[in-house]
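Heads up, the thing below is written out as structure tokens.
The values are calculated or read from the model by the stated rules, or taken from the named source; none is laboratory data. Treat the numbers as computed from the prediction; the structure is a model and nothing was measured. Backbone-built Cβ (ideal geometry, glycine too); neighbour counts: all protein chains shown.
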Amino acid sequence: MALRLLLPLLLIAATFLIAQAQGIGSSAPDCCLKHSRKPVPSGWVKSYRLQGPESGCLLRAVVLTTKKNKKICASPTDSAIQKLMQNLDKVKNDKKDKKDKKKGHSLRARGGPKRQKRQRV
């Protein structure tokens, strides 16, 4: 009787351990292993993220995402890359400001008193 209860528990535990060993369900970071030396046209890039020890990667890098969703690893100390990141930040902030202004304007337009219909006598 005890064996009937113990066997399913052992099977579940073994399945869990195998899944952990294979990395199922783990979120291993996708890290750059080296920096690209080719220049990256700024028109290709839509966003970037920083990579380093704080994100679980050994190499410090800027991971650029192109408009075609390709990843390019670049050096964070490269002056052209730093300028590209500043431009991307500026564009992002400008879009955010426009969105905030648009929201504020539309709220004021709707916030006025409603027109009342004339009643015919």
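So here's what we get for this one:
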read-out: Members of segment 32-85 found to be within 14 Å of the chain's Cα centre (by Cα) and either part of a helix (DSSP H, G or I) or polar (S, T, N, Q) (or both), listed by number; value: Ser47, Gln51, Ser55, Thr65, Thr66, Asn69
read-out: Search result, residues across segment 49-64 that are crowded, with 16+ Cβ neighbours inside 10 Å and without any contact (Cβ under 8 Å) to a residue 24 or more places away in the chain; value: Gln51, Arg60, Val62
read-out: Any hit, segment 22-43, residues being among the β-branched types (Val, Ile, Thr), touching a Leu at 6+ places or on another chain (Cβ under 9 Å) and at pLDDT 95 or above; value: no
read-out: Matching option when the condition is over 15 Å from Pro39 (Cβ atoms) and either modelled with pLDDT under 90 or part of a strand (DSSP E or B) (or both), among Lys90, Lys101; value: Lys101
